[in-house]
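Participant: Here's a structure for you.
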Amino acid sequence: MTDSNSLPYGVNSSGGIDDSATPEVCNQNGNKALAAGNHTTAAQWYTAGLHRDAPIDLHHILLANRSSAYAHLCDFRRSLNDAETCVQLQPNWPRGHACRGAALEGLGRHAEALVAFEEAMRLDPTNTELAEIVT
């Protein structure tokens, strides 16, 4: 039997996502999974966070993060869907446009990807990573 005190916050004794996990906890655990290269697990955490984010305060962040996880899994259609929804929710947030660009690039839609990256760069002109992509 697993000691529930040794489990990461938001994980139940069977290893699943605890029903009491908040959107913030789901996002944090998704970020940890993504950083560890566990992209499927990350997508699951972000999905759980989206289901729990009733006032949709974190939706744009969770969508961008899940878009990134899907891109790592080479599921660029789902990545693009999340990125486009993110951009609809927060049109002035550069990260949503950057995620959209990455998904479009993965789909081989390079001209559209460049436009998305340029929009992200317009919104965040000091971002050196974006500058490398656009130039």
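The values are calculated or read from the model by the stated rules, or taken from the named source; none is laboratory data. Values in this document were obtained by computation on a predicted structure and should not be read as measured data. Cβ coordinates were reconstructed from backbone atoms using ideal geometry, including for glycine residues, and neighbour counts include every protein chain displayed. Surface accessibility is based on the protein's heavy atoms, side chains included, excluding ligands, DNA and RNA. Shrake-Rupley method; radii C 1.70, N 1.55, O 1.52, S 1.80 Å.
Participant: Evaluate the following for LEU107: is it over 15 Å from TYR46 (Cβ atoms), in contact with a Ser or Thr (Cβ under 9 Å, 6 or more places away or on another chain) and at pLDDT 95 or above? Show your work before the answer.
Facilitator: On the way: over 15 Å from TYR46 (Cβ atoms): yes; in contact with a Ser or Thr (Cβ under 9 Å, 6 or more places away or on another chain): yes; at pLDDT 95 or above: yes.
Here the answer is yes, as LEU107 does meet what is asked.
Participant: Residues that are within 24 Å of PRO94 (Cβ to Cβ), at pLDDT below 95 and charged (D, E, K, R): does the range 55-62 have at least one? Before the answer, list the steps.
Facilitator: The first filter runs over the range 55-62 and keeps only residues within 24 Å of PRO94 (Cβ to Cβ), leaving 55-62.
Still in the list and also at pLDDT below 95: 55-57.
Adding the requirement that they be charged (D, E, K, R) leaves 57.
Yes, the range 55-62 contains at least one residue that is within 24 Å of PRO94 (Cβ to Cβ), at pLDDT below 95 and charged (D, E, K, R).
Participant: From ALA131, ALA83, ALA42, which residue is open to solvent by less than 40 Å² (accessible area, probe 1.4 Å), closer than 26 Å to VAL11 by Cα and touching a helix residue (DSSP H, G or I) at 6+ places or on another chain (Cβ under 8 Å)? Please lay out each step first, then the result.
Facilitator: Values: ALA131 fails: closer than 26 Å to VAL11 by Cα; ALA83 fails: closer than 26 Å to VAL11 by Cα.
After ruling out the rest, the residue left standing is ALA42.
Participant: Looking only at the range 93-126, how many residues end up being more than 19 Å from ARG66 (Cα to Cα) and open to solvent by 50 Å² or more (accessible area, probe 1.4 Å)? If you could, list the steps in order and put the result at the bottom.
Facilitator: So in the range 93-126, the residues more than 19 Å from ARG66 (Cα to Cα) come out as 108-112, 114-115, 118-119, 121-126.
From what is left, the residues that are open to solvent by 50 Å² or more (accessible area, probe 1.4 Å) are 109-112, 114-115, 118-119, 122, 125-126.
Going through the range 93-126 one residue at a time, the tally reaches 11.
Participant: What's the number of the condition GLY96 fails, among (1) closer than 18 Å to THR40 by Cβ; (2) under 11 Å from the mean Cα position of the chain (by Cα)?
Facilitator: (1)
For (1) under 19 Å from LEU130 (Cβ atoms); (2) in contact (Cβ under 8 Å) with a residue 12 or more places away in the chain, each residue gets a yes or a no:
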position: GLY10; (1), (2): no, yes
position: LEU34; (1), (2): no, yes
position: TRP45; (1), (2): no, yes
position: GLY49; (1), (2): no, yes
position: PRO55; (1), (2): no, no
position: ARG77; (1), (2): no, yes
position: THR85; (1), (2): no, yes
position: CYS99; (1), (2): yes, yes
